[in-house]
Structures are given as structure tokens and as C-alpha cells.
Amino acid sequence: QDRVEINFWHAMGGQLGERVDQFASDFNAMQDTYQVNSIYQGNYTETMTTAVAAFRAGEQPHIVQVFEVGTATMMSAADNGAIYPVHQLMEDAGIEFDEASYISGVISYYSDTEGNLLSLPFNSSTPVMWYNADMFEAAGVEVPTTWDEVVEASRALKANGVESPFGFGWQSWTMIENYSAWHNIPLGTMENGFAGVGTEFTFNNDAVVNHIQRIADMGEEGLFTYGGRRGDSRGMFVNGEVAMWINSSAYYGGFVNDITDFEFGQAMLPLDTDVADAPQNSIIGGATLWVLQGHEADEYQGAAEFLAFLSTAEQQADWAGSTGYVPITTAAADLMTEQGFFEENPGTDTAIEQLSLNEPTPASRGLRFGNFVQIRDVINEELEAVWSGDKTAREAMDAAVERGNDLLRRFEAANS
Ligand SMILES: O=P(O)(O)OC[C@H](O)CO
């Protein structure tokens, strides 16, 4: 008998992609009714764009992985009937699905206004500060906990021969979105867009502008080198050119494999003591799995069973432990603790500690801005103009807010 096929498009390259393919082959091996085809479609933006085009052509996959910034766009697709909401899918498939077992910051990000979960949380991360422990030891400095200390440590590392002490990736996510949440500053009005499409950006505030200017000044001083929009600068950290690198916790698994000639660690994001006395909480990144409409009932049954398989504590704990994504269910986190994972691998609890540091506020719960994929490109362009010395941080943030608001208004016009 032929198996029922389920197409699953994902955006995980390299080692992460191999692990995702493994989920599909394990699922295929444990039953003989369904066949999940795990297909890599490029980076997050490419996968989302390809899925939207495929939907228009009637060739959409059953399941697609979409990064967190695509959430508002996918929710509007849900309003238009293009999405099979996960809570509904599970109910129709007769699979018990306990939303309360997920950590709250993850569930609230992906639920609609009635509290219904629309997509399946799968790979949630948060930015942390990766550091080269050997370089710190050689320079005789402590790993910084504040931004003033980041600058001081960078100077000491530079004096000790480190080419470019500080760097980061996913700059809008790490340096603006998470910087803001960490200091409990909204990025925009209306609870960062959670309260409606009429939201406007406000991230051209003094705190963010001063922060971006501080990094630009570090660049002038030779303490920071810009290395690209996503994870492109990862090699600079792995090769020992950069001593501190702020980016996703999900680089952990790759670092364990690829960093063999120095000790690395992860620490909490630095605090800007001019702005707050203590950190609030960081926000998630990564992606969720969306189920698209237009397929047969038996295929959806298989899709639901595959999603349920991905959500088991065993699978989630293995995924989190091997990648650095956060264990998103309490059962998975408990299992990892029981297995001694956090104790044996110091620092691996940094992401979860940051996410659960305080009860999230409207400024730290996350963001839900329409057209945010395009808006991140605008922010990238404006930040690049700062790093190249063409604009001051003030000019660039004012321009990013103005251009971003224009894209928000277009989203509002199309969705109200
Ligand atoms: O590298 P990831 O999967 O943790 O994702 C980073 C950002 O959240 C993408 O928007």
C-alpha cells in the first residue's frame, strides 16, 4: 500500500538541516502509513517567499517553517483562510495537544487574540553573548555584563592582539529588537503590534540611538567589524578573529562541532546601565511550523501526527540539546535537567534563563508587525549606512522608523 505523502518545507541548512531531515526519517521509520518529505528551501526569507508563491500556484507544501518575523503576515494569511490553525488541526485529528505545556513566552507569540495557537512552536531561540574564553583569559579580563564593560573589555582584548573584539549577527533582532526588550523599551506603539495593525514604530528613541552610536564608535576605534545580516559573521568567531559575538543560542550545536582549538562560552546579554537598573527579559527568535490549506484529510492526519511526534519531550530535548534552541515545553526542559544536560554543559541554560527572567511586559513579550520581513531589510540598510560611516545613528534610526511606518501603513490598509 502506498504511503500518504506530506511535504515539509524548512529553512535549516547545514547541521541543523541534517537534524531536521532526521526527524522526518525517524517518523517515517516508526510507522508505515505516512511519508514526510523534508525539503530545504533556502534561508528563512527564501522559504517564506517560495511558500507564498507556491500557495498562489496551488503547489503549497502541507507544512512550512516560518521565522518569527513572518508571524503577522502568516496571521493575516490565516484570516484569509490560507492557514490550517494548529489548534484546529490537532482537534480535528483527535490528538490531545496541551498548550499549557509550552513556555508562556513562546505560546503567546504564536496565538491569535482569542488565545488559539496558530502555528507549532518548533525551534525557538534567543540571542546570547558567545565568547572566546581563551582570549579573555589571555587578556586578563572578565566576561562583561554591561555595555560599558563590553567597550572596556574590547579595548583590553584589542591591546592583547585580538583583531576585532566585538561582533554580532541578525542585527535588527540582536541590537534593536532584543536590546529594547532587555531594557523594557517598546519598539512600537500598541504593545509592539500585539494590540492591532494601527501600530507605529518608536525605536528612534534616545536609548536605541545611543546604543547604535556606541557600536558605530566602537567600529571607528577598531573594536567592532560588521560581518553581514544573518549568521554570516559566524566564521569570524569560529576562526578566532572576534572574541565576543552576540547572536542566536542556536549556534551552540555547530560550535560544539566546529570549535576545537579554544574554549567558548555563552553569557547573558549585556545591560545598558544608562537605561535600566536590571534586565527585563529577552525575546524569542527562530521559527514555527505553519500548516497550509488545500490538501486532503488523510494528509492532514499525517501532518498532525508528525507535529505531535516533533513535540514529544524526547524529541524536543534531543533537538534542544544538540542545537541550542530552547526546550519549549516544560517536559522537555525537565527531561534535559534529569539527564544532567545543563549541569554537564555550563552556560547552556543562558537562553532559557534570559527568556524567563521576569514576567514579560508589553515591551518584552515579542513583536507583531506586519511586513516585518521587508522592514528588517530597511533596518539592515539603515544600520549598514551607520557602520559604513554614511549616516549617524540618529539619522539612520529616524529614517528606519519613517520607512518602517510606511510599510506598516501599507499592511494596515491591506488588512483592516
Ligand atoms: O538563527 P535562529 O533560527 O535562532 O533565528 C534568528 C532570528 O530569530 C531570525 O529572525
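The values are calculated or read from the model by the stated rules, or taken from the named source; none is laboratory data. Because the structure is a prediction, the values reported are computed rather than measured. Because the Cβ atoms are built from the backbone with ideal geometry, glycine has one as well, and the counts that use them run over all protein chains shown. Accessible surface is based on the protein model in full, side chains and every heavy atom, while ligands, DNA and RNA are left aside. Shrake-Rupley method; radii C 1.70, N 1.55, O 1.52, S 1.80 Å.
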*asked:* Spelling out what I want: for every residue of the range 304-313, take phi, set θ = phi - 60°, compute 6.51 cos²θ - 1.76 cosθ + 1.60 (Karplus), and round to whole Hz; glycine and proline get x.
replied: 4, 5, 5, 5, 5, 4, 4, 8, 5, 4
*Rounded percent of accessible protein surface that carbon and sulfur make up, the range 322-416, 1.4 Å probe*: 47
*Which residue, 99, 177, 91, has the most motion in a Gaussian network model of the chain that connects Cα atoms within less than 10 Å?*
91
*Between the range 219-233 and the range 347-362, the alpha-carbon center distance in angstrom*: 26
*Amide H of residue 6: which non-local residues (sequence gap of 5 or more, or other chain) have their own amide H closer than 5 Å, using H built in the peptide plane?*
35, 36, 37
_If you roll a 1.4 angstrom probe over the protein chains with everything in place, what fraction of the accessible area of the range 173-285 belongs to carbon and sulfur, to the nearest %?_
44
_Value of relative contact order over the range 40-158, rounded to a whole percent, pairs C-alpha under 8 Å and six or more apart_ = 14
*Given charges of +1 on the Cβ of Lys and Arg and -1 on the Cβ of Asp and Glu, with all other atoms neutral, how large is the dipole of the chain about its Cα centre, in debye to the nearest 20?*
940
*asked:* Please list, in order along the range 335-344, the HN-Hα scalar couplings obtained from phi with the Karplus expression 6.51 cos²θ - 1.76 cosθ + 1.60 (θ = phi - 60°), rounded to whole Hz, x for Gly and Pro.
replied: 4, 5, 5, 4, 6, x, 4, 5, 5, 6
*How much length is gained on full extension from residue 297 to residue 112, taking 0.36 nm per residue of separation minus their Cα-Cα distance?*
64.2 nm
*If you take every DSSP beta bridge whose two residues both sit in the chain, what share of them, in percent to the nearest 5, is antiparallel?*
60
*For the chain, with the dipole built from +1 on Lys and Arg beta-carbon atoms and -1 on Asp and Glu ones, taken about the Cα centre, which of 218, 315, 27 lies farthest toward the positive end?*
218
*asked:* Quick check: from the Cα gyration tensor, does the range 257-416 come out rounded (a/c under 1.5), prolate or oblate?
replied: oblate
*Along the charge dipole of the range 74-175, Cβ charges K/R +1 and D/E -1, which of 84, 157, 103 sits furthest on the positive end?*
157
*If you plug each phi of the range 374-390 into the Karplus form 6.51 cos²θ - 1.76 cosθ + 1.60 with θ = phi - 60°, what whole-Hz ³J(HN,Hα) values come out, in order, with x for Gly and Pro?*
5, 5, 4, 5, 4, 4, 4, 4, 5, 5, 4, 5, 6, 5, 8, x, 7
*Find the accessible area per residue for the chain; the probe is 1.4 Å, ligands and nucleic acids are left out, and the unit is Å².*
39
